[in-house]
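Written below as structure tokens is the structure these notes are about.
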Amino acid sequence: MKGFNFMSNFDYDVIVLGAGPGGYECAIRCAQFGKKTALVEARELGGTCLNRGCIPTKALLHSAEMFENASNAGNCGVTTGEVSFDFARIAEYKDSVVQKLRTGIAGLEKAHGVKVISGFGKAVDNHTLDVDGERMSFDKLILATGSSPARPPIPGIDGENVVTSDEILTMDKLPESFVIIGGGVIGIEFATLFATLGKPVTVIEMMPSILPGVDSDIVRVLSRVLKKKKVNVINNAKVTGINGGETVTVNYELNGQEKTAEGCCCIVSVGRRAMTSGIGLDNLGVEMNRAFVNIDEHCRTNVENIFAIGDITGKIQLAHVASAQGLVAAANACGHDEVIDYDIVPSCIYTSPEIAFVGLSEDKCKAQGIEYKVGSYNVAGNGRAMIMGDALGTAKLIASPDGKLLGAQLMCPRATDMIAELAMVLKLGGSIEDISHTIHPHPTVSESVAEAAHDFEGLCCHALPKKK
């Protein structure tokens with residue numbers, strides 16, 4: 001159903017505040033349900049994901065991958081001569097991708113009849129929004145204001161050449177060395193990027209391991225890859241101060257001793273904070289959990305006509321979760337009855353090789369006392385991965401003893417594309433048998449998933465028999 005409802009007593013049936021991946025899709029869906037919809041954004045369409053997150057970082061990583069592939073082309077019999085890169089042009093490529101996608105979003109909003117309003121929105125009351133001094137009324141309001149990089153109270157964090165993930169993505173000249181504070185997904189992706197481009201990188205992580213929560217077997221393999229790329233990872237280290245300048249010195253504590261790490265640039269990558277300040281939540285009477293907005297499974301707040309989605313809800317800070325929440329919130333704001341399930345959410349890490357996982361890991365099964373069995377396959381035996389020169393990693397399936405799939409972890413080329421198959425199996429309550437009896441095309445990396453299922457059954461043809 002499409003078209004506007006002109007019988008409303010409000011300026012808009014629905015106003016969506018924030019045009020990130022959750023907000024802009026939410027606005028389109030409201031319009032598809034026939035509601036007069038406005039989308040309010042203080043910055044660029046696409047939010048953090050498109051402009052300062054997912055898309056620009058992956059564009060840079062793609063350029064780094066192309067550089068690495070060209071450098072190793074001789075292994076495939078291709079003569080290239082000396083390979084080099086121009087970082088200014090890499091930055092231009094990144095910006096061009098972002099601009100094309102941003103223009104595409106604007107076109108989609110217009111085509112669906114969504115009114116895009118540029119400005120900072122603040123709720124005045126439960127039916128009024130102020131956008132830079134102009135007031136407009138709404139029946140339903142959907143909050144989608146997102147998050148920004150966290151800035152912990154580290155002495156010297158505002159020093160010269162000390163940046164967050166936002167600022168580092170605006171550079172067009174590549175620093176000669178890096179210190180990255182934080183070994184989570186964002187920090188490790190940046191470490192992969194800059195190390196691939198040949199720059200020394202030191203990662204300082206407070207936890208015992210990088211990528212907390214990721215399967216420990218995969219982290220061990222990735223740690224070896226990073227070491228080979230000359231990334232120096234320091235775990236169990238607490239940063240105590242930063243001295244900015246042409247050379248940045250990061251002071252940290254390790255095993256009771258004060259130590260330092262130096263680089264031309266320091267990236268602070270220690271998580272993200274909800275952007276809920278100044279948008280009028282006090283005027284709405286919305287219940288909060290610290291800086292996050294409380295919502296139910298319908299993405300509704302405690303105020304009946306106010307919904308919230310994305311990073312400000314404190315659920316799972318991933319773009320695809322925000323998008324899923326946006327579609328649920330839109331449906332419920334438009335009179336439907338939908339709920340969101342956070343149990344099956346795939347996660348992707350764009351290292352080299354890529355990492356993707358969904359559901360329970362072996363570590364989580366152990367921690368929760370869940371009986372399980374593992375099927376795995378070493379990607380070194382996969383023909384497609386070998387052809388690509390990237391035959392490192394594993395496909396690992398976790399299932400109950402009777403074969404019901406509980407989770408999957410992939411570390412291999414195109415893992416981020418392949419994980420959707422396993423998320424679907426989980427969503428449908430499927431089994432190892434469902435995977436092993438599905439014909440996977442050859443030659444593809446996806447065959448590794450089938451091989452892992454065969455291994456679970458003790459019938460893997462492309463692996464040496466296990467010793468009994």
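The values are calculated or read from the model by the stated rules, or taken from the named source; none is laboratory data. A quick note: this is a predicted structure, and the numbers were derived from the prediction, not measured. In this analysis, Cβ positions are derived from the backbone assuming ideal geometry, glycine residues included, and neighbour counts consider all displayed protein chains. These area figures cover heavy atoms from the full protein model, side chains too; ligands, DNA and RNA do not enter into them. Shrake-Rupley method; radii C 1.70, N 1.55, O 1.52, S 1.80 Å.
Observations, loosely collected:
- Residue match in the range 19-26 (condition: of a type outside the set (Asp, Glu), out of contact with any Leu (no Cβ under 8 Å at 6 or more places or on another chain), within 18 Å of ILE117 (Cβ to Cβ) and open to solvent by 30 Å² or more (accessible area, probe 1.4 Å)): no
- For the range 76-102, a residue qualifies if it is among the small types (Gly, Ala, Ser), more than 22 Å from PRO175 (Cβ to Cβ) and outside any loop (DSSP other than H, G, I, E, B), and exactly one does: SER96.
- Among the residues of the range 55-75, the ones that are open to solvent by 40 Å² or more (accessible area, probe 1.4 Å), assigned to a helix (DSSP H, G or I) and either more than 18 Å from GLU354 (Cα to Cα) or in contact with a Lys or Arg (Cβ under 6 Å, 6 or more places away or on another chain) (or both) come to 3 in all.
- Some residue of the range 443-452 being modelled with pLDDT of 95 or more, open to solvent by less than 10 Å² (accessible area, probe 1.4 Å) and of a type outside the set (A, V, I, L, M, F, W, C): yes
- Every pair of residues 6+ apart whose Cβ atoms lie under 6 Å, when the first sits in the range 96-116 and is under 16 Å from THR48 (Cα atoms) while the second is among the hydroxyl-bearing types (Ser, Thr, Tyr) and assigned to a helix (DSSP H, G or I): ILE105/TYR24
- Residue in the range 39-48 that is under 17 Å from PHE190 (Cα atoms), part of a loop (DSSP other than H, G, I, E, B) and among the small types (Gly, Ala, Ser) present: no
- Those residues of the range 178-191 which are open to solvent by 20 Å² or more (accessible area, probe 1.4 Å) and either touching a strand residue (DSSP E or B) at 6+ places or on another chain (Cβ under 8 Å) or polar (S, T, N, Q) (or both), in sequence order: VAL185
- Count of residues meeting criterion [part of a loop (DSSP other than H, G, I, E, B) and either within 26 Å of the chain's Cα centre (by Cα) or closer than 18 Å to ALA380 by Cβ (or both)] in the range 431-468: 13
- Members of the range 108-122 found to be closer than 26 Å to VAL328 by Cβ and open to solvent by less than 40 Å² (accessible area, probe 1.4 Å), listed by number: GLU109, GLY113, VAL114, ILE117, GLY121
- Residue, nearest to PRO465 (Cα to Cα), within the range 379-393, restricted to residues that are surrounded by fewer than 20 Cβ atoms within 10 Å (Cβ to Cβ) and in contact (Cβ under 8 Å) with a residue 24 or more places away in the chain: GLY381
- One residue from ASP130, ASP125 being over 27 Å from SER63 (Cβ atoms), in contact with a Gly (Cβ under 9 Å, 6 or more places away or on another chain) and surrounded by fewer than 13 Cβ atoms within 10 Å (Cβ to Cβ): ASP125
- Count of the range 284-299 residues which are of a type outside the set (Lys, Arg), surrounded by fewer than 16 Cβ atoms within 10 Å (Cβ to Cβ) and part of a loop (DSSP other than H, G, I, E, B): 6
- For the range 239-258, the condition of being under 17 Å from LEU61 (Cβ atoms) and either part of a strand (DSSP E or B) or in contact with a Lys or Arg (Cβ under 6 Å, 6 or more places away or on another chain) (or both) holds for none of the residues.
- Cβ separations smaller than 6 Å between residues 6+ apart or across chains give the following pairs from the range 174-197 residues that are modelled with pLDDT of 95 or more to residues that are open to solvent by 10 Å² or more (accessible area, probe 1.4 Å) and of a type in the set (Asp, Glu): GLY183/GLU205; THR196/GLU68.
- Looking at the range 300-360, the strands (runs of 3 or more DSSP E) lying wholly inside it that each contain 2 or more residues that are surrounded by 18 or more Cβ atoms within 10 Å (Cβ to Cβ) and of a type in the set (Val, Ile, Thr) sit at 355-359.
- Residue within the range 423-444 that is among the β-branched types (Val, Ile, Thr), touching a strand residue (DSSP E or B) at 6+ places or on another chain (Cβ under 9 Å) and under 25 Å from MET66 (Cβ atoms) present: no
- When we screen LYS396, LYS404, LYS366 for residues that are open to solvent by 60 Å² or more (accessible area, probe 1.4 Å), over 22 Å from LEU39 (Cα atoms) and either touching a strand residue (DSSP E or B) at 6+ places or on another chain (Cβ under 7 Å) or among the aromatic types (Phe, Trp, Tyr) (or both), the only hit is LYS404.
- When each of LEU410, LEU422, LEU426 is tested for being open to solvent by 20 Å² or more (accessible area, probe 1.4 Å), of a type outside the set (Asp, Glu) and under 23 Å from the mean Cα position of the chain (by Cα), the lone residue that passes is LEU426.
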